[in-house]
Every structure is written in C-alpha cells, then in structure tokens.
1. Would you point out which residue out of ASP75, ASP85, ASP62 is within 21 Å of ALA122 (Cβ to Cβ), at pLDDT below 90, out of contact with any His (no Cβ under 6 Å at 6 or more places or on another chain) and of a type in the set (Asp, Glu)?
2. Scan segment 583-616 residue by residue and report those that are surrounded by fewer than 20 Cβ atoms within 10 Å (Cβ to Cβ) and either in a loop (DSSP other than H, G, I, E, B) or among the basic types (Lys, Arg) (or both).
3. Give the residues of segment 23-62 that are more than 27 Å from the chain's Cα centre (by Cα) and crowded, with 16+ Cβ neighbours inside 10 Å, sorted by residue number.
4. For segment 492-501, indicate whether the set of residues that are among the β-branched types (Val, Ile, Thr), assigned to a loop (DSSP other than H, G, I, E, B) and loosely packed, with under 15 Cβ neighbours inside 10 Å is non-empty.
5. Would you say LEU516 is in contact with a strand residue (DSSP E or B) (Cβ under 6 Å, 6 or more places away or on another chain), in contact (Cβ under 8 Å) with a residue 60 or more places away in the chain and not hydroxyl-bearing (Ser, Thr, Tyr)?
6. What single numbered condition from (1) over 30 Å from ASN561 (Cα atoms); (2) in contact (Cβ under 8 Å) with a residue 40 or more places away in the chain fails to hold for ASP402?
7. Please enumerate the residues belonging to segment 440-464 that are surrounded by fewer than 15 Cβ atoms within 10 Å (Cβ to Cβ) and under 27 Å from the mean Cα position of the chain (by Cα).
8. How about segment 507-524: which of its residues are in contact with a helix residue (DSSP H, G or I) (Cβ under 8 Å, 6 or more places away or on another chain) and either buried (at least 21 other Cβ atoms within 10 Å of the Cβ) or over 27 Å from HIS428 (Cβ atoms) (or both)?
Amino acid sequence: MKKLFLILIALPYIVSAQQKMLNLNDVVLKQRTSLAPTKLPGLSWVPNSNKFTYWAKKSEKDCIVMQDAVSLKRDTILTLEKYNDLISKSTIDAKAVERIGNISWLDETTFRFYIKNSIYHANVSTGKVELFCFLPENAEAIDIEPKSGRVAFITNKNLAVSTLLSFKESNDSPDGAPSSKSNLLTKDGSYGNVYGVAVHRNEFGIHKGTFWSPTGKRLAYYQMNEMMVTDYPIYNLNNMPATQEMIKYPMAGTTSHVVTIHVKDFEKNRTVTLHTGLPLDQYLTNVSWGPGEEKIYVAVVNRAQNKMMLNEYDAVTGSFSKTLFTEEHEKYVEPENPMVFCKNNPKQFIWMSKRDGYNQLYLYNSNGKLDKQLTTGKFDVTEFLGFNENGSHAYYMAASEDGMDRYCYSVELASGKNTKLTLSSGVHRVLLNDAGTLLLDVFSNTTIPANTSILGTRGEEKALLVSAINPLAEYKKCEMKLFKIKAADGITDLNCRMFLPADFNANKKYPTLVYLYGGPHAQLITNSWLGNADMWLYYMAQQGYVVFSMDNRGSANRGLNFENSTFRKLGTEESADQIMGINYLKSQKYVDASRIGIYGWSFGGFMTITMMTKTNDFKAGVAGGPVTDWNMYEIMYTERYMDTPKENQEGYENANLIKNVKKLHGKLMLIHGTDDDVVLWQHSLKFVKKCVDEGIQVDYFAYPGHKHNVLGKDRVHLMQKITDYFNQNL
C-alpha cells in the first residue's frame, strides 16, 4: 500500500514534467550535450592496451577517466587541476585553462598535448613534462609519426618535417620558424602550388596530404599545382573598403589542377617523385604503404571517373612497378578506402569495392591476384575496423539491406566465413582495440537512447558500461514513425521518418515541414535514437508541425544501383521520389495540404528549389547554400555524377534552376554564407538576379564571414530565422 502511495504521489510531477517544451537555443547548442543520450564522450582505446579513456565531470570541471576493460577498474587519471599543473611546467608564459584541451594518449600514463603549437608529452604518474617539438605559429595539417618521432606540417604552403632533436641542433626558439633548412622539404610553395594538403577537393575519401611509412623512415606527400585553375574571389567584408581573397576553384568542364606524389627518404636524405604518368588531370587517391616500406600504392582514377587502376610504385626510385588490377564502370567508379595489408601476412591485402553492386571486401595477394571475395550480399560494408590478435579474422561494419541498421561482423580470412557479432536491431558504432581482442560498442535504436558495452571478439557482452535514459523524458513527446513507401519506379522501397506534433489529434489538420537532402554520400534516416534526426526537427514537431523526411534514390548506403540511378540527371529521379513522399503526405487526413513547407541545405538547397519549380505543393521553402547551376560547381563531384557540360548538355540544362525561375511556386527564402568556398555565393546571387529580371519575388538572407554552413553561436540565429519563416508562412 505504501509503494502504491508513492507512485500516486509521483504522478502529478510526471504529468507536469512531461509538459516541458524545448527552446530553440537549447535545441541548437545542447543537442549533443545535455539534451543528448548519456554516452562516454571522447571514448577511445589507449594504444596497445586493454584500457580506454573518456571525458567526465568532477565537481563540474573536466576530467579524464581511464578504465580497464578486463577488470573494469576505473580511475580519474587526469583532472583539470592536474592538467593546469602540467601546463605550468611546459612553458614559461602558459596560462591556466578552463577546459582540458585536445590531448591524445600514448600509453597508460603518458599523453600528448599542444600549447601554442608546441607539442609536449606529459606523464601523469611522475608529473614529468617533456617538449616533443615546437612548430611555427602558422603550422597547419600537423601529422605526427609516433615511432620515429617525426612531425610533418605545412608552413607558408611548404611542407616541413621536424623532431625535437632537429630543433635543438638548429638553435631555434619557440618564438620563430625553423631556421634549419633541412627541416623544410619544399621551398617553392605558393598560392597555386601547395604541398602536403588534401587534394581533389577532398573527394575519393581524401582527407589529408601526408602519408608516413610504417616506421616513419619515409614520407609520401601530395603536391597540388593549381596555377592553371581559374581564380575566384572571396570577399572580406570586415575591411574598409572590402578586400578580396583569391581561391582556386575548378568548375565543371574547365581546367583541373595537377597532382603529383613525392617520397622523402630521411635516412638517405633524398626525395623522389612517383612516375604516375599521363594524362596530368587524373586523380591520385587512396595512398597506402606496403609493409616493407619499399612499395607505395595509389588508386589512379581517370578524369572521366569510369576507370580506376590500383598501381604499385617503387618508393626508392619512384618508378612505376605494375598495375595490380583495374576497375571500370559505365557510369563511375569511386574508390574511397586505401588497401589494408593483412596482420602477420604482408603478402595479402584487403580491398573495398562496389564492383558487384554493393560495397564489399575482397582479399588479394600482393601480386594483384584475387584470392576470394570476403563479403557478399545486398548490403554495403561501411567501415573496416581491423584484425584480431593473430590476424586470422578481420572486423568490419555493414549496413542492413534497407540501410537502416549498422552491425559489426567478423570474417575468417582463410574460409571466408562471416559472423554477425552485434545482433540487436539498430545502429552500432564499434571500436576495436589495437590488439584486436576487445570491442567497445555504442548502440541505439528508436527505443534505446544509447547503450555502451564492452564486447569480446565473438560478440559476447562482457560488461554494460552505460544505459542512457531518455533525455527528452521531461518534455512533451512527439511520436516518431519510421516506414517505407515506393519510389517513383514503383519497385524500390524508400525509408521515411515522420514526427507527429505533440498532443497529436488525428482529426486535426496540421502544417507540414519536409526536410530533405537527397544527394550522394548522405543518409538522413536510420534505426537510431530520434531516427538520426537533428533535434530542430523534433522541436518543430513540438511547435505543432508534422515533420517528414525521406531518403530518395541517389542517397547513401543502399548499393551502387540505388546511388547511381541519378547519373547524368541530378534532380530528376530524386524529385520524382520526393513527389511520391508529398503524395503520401497529402493522402493523410491530418496533413493540411495547403500548408506544406520544405527546407534543405547544400544539395538539399538544390532539391528544395527543384521541388518548388516542379510542383505547386509548397507554400514556403528555405534553401540554404544551394547549387543553382551545376556548371558552377567543382569538377570532381560534378563530373562524376553529371559528366562534363559538353558531354551532357541536356542534363545540365534540366538541372539549371536559374533557367527555371519562372516555374517557382510558393514563397522562397535563400540563405548563403558570403565566404562559402564549396557552393559559391554566386549560385544564390545569380538566382536572385534572375528572379529580379523576371519579376519573381523571393526572400534572401546572407551570413557575412560564414562558409558553407552557419556554425557556432550564429547557428541559433540561423535556425530562428528559418523557424520564423515557416511560422509566418505556414
């Protein structure tokens, strides 16, 4: 009876608590912190150990906890006070900080941290702090090789390499740039000729420009010559008068940059250039080293992007050795992952490819002969994790056939036998330790906010570390639905997500918001917490909107045919599918078909305007950073999906939104960052100019100083602007 009484007493509080409403400031700034399910932030394995670290709070201040995955013993290994004490020992003028900075653990007691571009190693047990090396203030793209102690970095568009020893020998001081000429690997870096940077506009999985050999005795690095690429102005509006900064921007169909790869041998103090051959406007991607450091491998893609050659080069002479194999496709090929040599077996490597229609793993020998296809099925492998202790098994992540889930698998290399290790339906994010003996699994689905567990390599759960509660439990609930509808082809199932308004009444009519992206390499909807939605969408549902999203054909993780169905006709199949979604919405009696809005950014901005020119279903729309003319977008992305403007004039014409201004239906607001170097500001300005010419009224808002998206505290302003626009018009 007493227990029942307590429950009844609690009921009024529960009812009251569930009436809380989200506010926009919290939605934007706290959706990854206090409004996110509890996880272990910064979770990572300590190198070469069974221990892992994560960030925590102690007395409302930062600290780092280290936990043993076997004994489960955990210790607060670094507090903010201890961190500041170590900083005080690192340099004379170091100031105390309020947060622990960006650090990385080297072993169970030692971590690396940065102060004013000086790199230090600190031992938390002894309190000893050692200068690892110092770098000039303008150092960028810092790449540390732990075995040799060498550090590569870019300074004034040149590539330099240093160690603590080399700086001591050159009598440099932390206040200046290196004076020892031996530290600079290049000397002719300049505007239009840069070294050590990510090339090809970061396509093909490229995210860096330096590649250390396994022991650090050699360094491969990119040189990008952009002298022949058209200059493009970005305006600094803070200066009086405004000034312009020129960037190199290769638009579709124009002259591309030229990339070469050099290899520095530190023991012999010489540099060679890989003989990658002609034509010069090819793409050099997925650079990887052979285990013996004598060979280097590059996936070479032709400009048409319909042929890839995996080439082997001699790292000592730079000469071409052989092509291990080629891959071709009538539409395009897109290698995104370098080869991975097998643990304890330097004569075999794993290659990831979509050649059979889905992204799969293939086992090759070092001569380029296929030993076996390791994974098969109508699903995409999304990540390669590594090997077990003796190298007999490899671990990887893969999507479910419908793309909604992510699971962890192991595959035995000898037999090709695959085993699913994580069985719960939902999205798993898995980290494998260096030894390949333990896994950390962060899991969620639509009902489980987040569970963090330790797994064995057979998938057995060894410990549940965190089981998060619903961070929105005290707020008004908005029901979420995940479902499928047919694509415009009448065959393909498309994943959809819908949030219903708080206090939903099926007999009422609600304004509806469609949020979309629709382009390659993106997936909006998964079987995860909130269906992978940005919390602003949940907020809008709380405000009384039906909120709908759909992943149309052309989006990611559903196989090659699903993705490349939009080839040479961007905006056509995608909009046909999105129209099916609109038809579904209009068939629901609770949707007010006269009050439907649409919003997207980047490719989603392109899709927003496309939809508003192809249908009259939208009363209002917001297009952020939209591509309005693919002739003005960069070569690597555009020519992959559209071919060149000369080869595909019809496709470019049909996708040209500027020429379709007269077909615009509904009220439209365009938003653009004035410093956008991805989708140039010119896209939306030319669209507006055409609207003026044609007497079409549109709304416009620019964010000075922002690039391709509006981030930081200004994002609250952006989302308020978008929210107000839909509130005013819907």
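The values are calculated or read from the model by the stated rules, or taken from the named source; none is laboratory data. What you see is a predicted model, and the numbers here were worked out from it, not measured in a lab. Positions of Cβ are generated from backbone atoms using ideal geometry, with glycine treated the same way; all protein chains shown enter the neighbour counts.
1. Every option except ASP62 fails the conditions.
2. Listed by number, the residues that qualify are LYS586, SER587, GLN588, LYS589, TYR590, ARG595, LYS614, THR615, ASN616.
3. SER49, ASN50 - these are the residues of segment 23-62 that are more than 27 Å from the chain's Cα centre (by Cα) and crowded, with 16+ Cβ neighbours inside 10 Å.
4. no
5. So LEU516 passes the test.
6. (1)
7. Matches in segment 440-464: THR447 only.
8. Result: PRO511, THR512, LEU513, VAL514, TYR515, LEU516, TYR517, GLY518, GLY519, LEU524.
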